[in-house]
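The values are calculated or read from the model by the stated rules, or taken from the named source; none is laboratory data. Since we're looking at a predicted model, the values are computed, not measured. Here the Cβ positions follow ideal geometry from the backbone for every residue, glycine too, while neighbour counts run over all protein chains shown. Surface accessibility is based on the protein's heavy atoms, side chains included, excluding ligands, DNA and RNA. Shrake-Rupley method; radii C 1.70, N 1.55, O 1.52, S 1.80 Å.
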Amino acid sequence: MPFLENLTDQTPLELLGNIIDILLVWFVIYKLITVIKGTKAVQLLKGIFVIIIARLVTQALNLETLGWIMQQVLEWGFLAIIIIFQPELRRALEQLGRGKLFSSSTLNEESERNRLIEAMSKSVSYMAKRRIGALISIERETGLSEYIETGIPMNSDITSELMINLFIPNTPLHDGAVIVQKNRIAAAACYLPLSESPFISKELGTRHRAALGISEVTDAITIVVSEETGAISLTANGDLHRNLSLEDFEVKLRRIWFGAEQQEVAPAWWNLRGKKNG
């Protein structure tokens, strides 16, 4: 076979170079996918694959008119990709310029995890005691880039002092949500989608509805501190955990953020009706 003959004709150094070349191409493709993961570009990318498949089907079935249309779409597709994916391409180039495109996205160090939990716990405790309303959304697998773009860019280290200052009433950034990416504050004053579930308790305000809304469309963890009562709540995967003690809040946050999430015994609709989770 020609393929096997080509392999045998190569020196070990050439063969090693080809293997490294293939691995690097796959790694670059993987990193590019992680850049657009969780954004609207994913759906557009699926649409492109549908067009390609449709083109192959038209060729197989000899559908000339539809095939001509698909061919025109593909010929102009490169220009369309540049226009449609402009925000994602810009973001990838910015990350490449900062040297972050090929950096690890996993928080492996236990000390860093403890620092993040401590900063969140300290800031939430401070705001709960003084009834300072807060809304903090933490990105997980599903990207929150489209919501980050609605706020004010921060790109700051997570500290309890900064988190508290962001929610002090009558300051420019106190209204809206703070969004956390990995171990950084990505943006403040962000807009989150409100939940339209009919099962939400009438006593819940806009912050809780926004926390539930983002948890229904992404896998983000969202922390809420009530301005009226100072109660601490947490949402994830469409579930609302209300009136948490500080200890329970730390346990749930650590487990969902860094550990394997365990299923709650109570169903989501019961939590939405106002069940007190402690």
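Can you name the residue in the stretch 232-275 that is modelled with pLDDT under 80 and of a type in the set (Lys, Arg) and is also least open to solvent (accessible area, probe 1.4 Å) among such residues? This residue is 275. If the condition is being free of Cβ contacts under 8 Å to residues at least 60 places away in the same chain and open to solvent by 50 Å² or more (accessible area, probe 1.4 Å), then the stretch 175-216 contributes 175, 181, 184, 191, 194, 196, 198, 202, 206, 209, 216.
Restricting attention to the stretch 134-146, and to residues there that are modelled with pLDDT of 95 or more and not polar (S, T, N, Q), which single residue is surrounded by the most Cβ atoms within 10 Å (Cβ to Cβ)? Once the filter is applied, the top-ranked residue is 136. Of the residues making up the stretch 226-235, none is over 18 Å from residue 126 (Cβ atoms), among the small types (Gly, Ala, Ser) and touching a Gly at 6+ places or on another chain (Cβ under 8 Å). Evaluate the following for residue 172: is it on the phi < 0 side of the Ramachandran plot and either open to solvent by less than 10 Å² (accessible area, probe 1.4 Å) or in contact (Cβ under 8 Å) with a residue 24 or more places away in the chain (or both)? Taking the combined requirement at face value, the residue does not satisfy it.
Of all residues in the stretch 214-248, those satisfying the criterion of being within 20 Å of residue 189 (Cα to Cα), more than 21 Å from the chain's Cα centre (by Cα) and not in a loop (DSSP other than H, G, I, E, B) are 225, 232.
None of 34, 58, 39 is modelled with pLDDT under 70, surrounded by 12 or more Cβ atoms within 10 Å (Cβ to Cβ) and in a helix (DSSP H, G or I) except 34.
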